[in-house]
Amino acid sequence: MRAHARNTKFKSTRECRLQPLELAFQRAVDDDVAGVDDRAADEAFINRGLDINFAAEALAPGAFMLWLGFAAVVVFIGVLLVPGIPLLAQVAAFIALSFVSIQVYRRWFRGRETPSDQPALNRRAAALVGRVVPLQRAIVDGRGRVQIADAYWEVTGPQLPAGAHVRVTGADGMTLTVEAA
């Protein structure tokens, strides 16, 4: 028999402010503290967690949430095989297994990614290293400007007059480092 009956209405204004997930977690904690041995409530709580995890995986890039899902599945199987595991032990097991599974992902799978044939593809400034271009504005006190294609870039380098050709040797954010060509 359950220690207390749940109704569908909120019990207090505090519960009205809680989000549905927080409310489910709080009820699960209340059941655990009250000593309620309700395996179905534990399973429902874990199922809600899995649903949220799968939704987050669909929205997040990569496969990061997948590894948290594996940890949740292991805890779920543990709850099925050993009924009555306290909620705190379930949360601790989930945290520990999540950490382990993410470390497995980072060490084993992430290290096996194939290197790109165009490593500077999304780093536009780095892709300009080695190009020779004329100065748009003279370099005075170490700062000047060049035009590359339809973009103007701030440059740093030695004193040079406008029109002098410079070679891009590096990039620091949106500022290029140049030297006389």
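The values are calculated or read from the model by the stated rules, or taken from the named source; none is laboratory data. Since this is a predicted model, take the numbers as computed values, not measurements. A quick note on method: Cβ atoms are made from the backbone with ideal geometry, for glycine too, and the neighbour counts reach across all protein chains shown.
Which of the residues belonging to the stretch 46-105 are on the phi > 0 side of the Ramachandran plot and at pLDDT 70 or above? The one that is on the phi > 0 side of the Ramachandran plot and at pLDDT 70 or above: 84.
Condition (residue is at pLDDT below 90 and surrounded by 12 or more Cβ atoms within 10 Å (Cβ to Cβ)) applied to the stretch 158-178: is it met by at least one residue? There is at least one residue in the stretch 158-178 that is at pLDDT below 90 and surrounded by 12 or more Cβ atoms within 10 Å (Cβ to Cβ).
When we screen 103, 90, 136, 147 for residues that are under 30 Å from residue 47 (Cα atoms) and surrounded by 13 or more Cβ atoms within 10 Å (Cβ to Cβ), the only hit is 90. Here residue 96 clears all of (1) of a type in the set (A, V, I, L, M); (2) touching an Asp or Glu at 6+ places or on another chain (Cβ under 7 Å); (3) exposed (fewer than 15 other Cβ atoms within 10 Å of the Cβ) except the condition numbered (2).
Conditions: (1) surrounded by fewer than 12 Cβ atoms within 10 Å (Cβ to Cβ); (2) more than 29 Å from the chain's Cα centre (by Cα). Residue 116 meets all but one. Number of the miss? Condition not satisfied by residue 116: (2).
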